[in-house]
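Just below is one structure, and these are the notes that go with it.
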Amino acid sequence: MENNDIGFKTDYEEEMVSFKQVSDLQGNVLLEFGAPWCAHCQAAHSVVKEVLNEYSKLSHIKIYDGKGKRLGRAFKVKLWPTLIILQNGDEIARIVRPLTPDQVRQLISKVS
């Protein structure tokens with residue numbers, strides 16, 4: 001896995017991504033855990049999109065989470081969507097169920 005996923009992504013990645021692959025990512029990356037059928041994820045979609053359009057050089061990886069998905073458990077994801085900002089593979093901060101663009105901006109500002 002490479003962090004060449006620059007800018008906002010509309011679809012969740014269904015391929016199995018390992019914790020090691022994520023830990024090896026360089027630079028700043030926004031992980032978004034959720035599911036396409038999740039109402040909270042759908043509600044947050046436009047909020048995340050608005051902010052990521054402002055930070056077009058930030059890598060964004062949407063990870064399809066759910067039963068049997070180990071990466072979500074490794075990051076201790078309990079609710080969707082969960083946004084986690086990484087810097088060189090290390091978690092810097094996270095937010096759960098963002099409602100406003102300012103909440104997402106505040107998260108991204110931790111590495112900007």
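Read-outs: derived from the displayed coordinates by stated rules, not from any lab. Keep in mind that this is a model prediction, so the values were computed, not measured. Methodologically, a virtual Cβ is constructed for each residue, glycine included, from the backbone with ideal geometry; neighbour enumeration extends over all protein chains shown.
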Suppose a student asked you for the relative contact order of region 61-100, using Cα pairs under 8 Å spaced at least 6 residues apart; what percent would you report? 28 percent
Relative contact order [Cα under 8 Å, 6+ residues apart], the chain, whole percent: 34 percent
Under 13 Å Cα-Cα from Lys78, which aspartates and glutamates qualify once same-chain neighbours fewer than 8 residues away are excluded? Glu32, Asp65
Can you check what the Kirkwood hydrodynamic radius comes to for region 68-112, Cα pairs only, in Å to one decimal? 11.2 Å
Need one number for the chain: average projected area of the convex hull over its C-alpha atoms, nm². 5.9 nm²
Around Ser23: net Lys/Arg minus Asp/Glu count, Cβ-Cβ under 10 Å: -2
Just to be sure I understand: of the beta bridges DSSP finds with both ends in the chain, what percent are antiparallel, rounded to 5? 65 percent
Cross-link reach list, lysines versus Lys20, counting only Cα pairs under 18 Å and skipping chain neighbours closer than eight places: Lys62, Lys69, Lys76
Can you work out the FRET efficiency for the pair Asp11 and Arg97, with r the C-beta to C-beta distance and R0 = 25 Å, to the nearest 0.05? 0.80
Ranking request for peptides 42-54, 14-26: highest mean number of other beta-carbon atoms within 10 Å first, then the rest in descending order. 42-54, 14-26
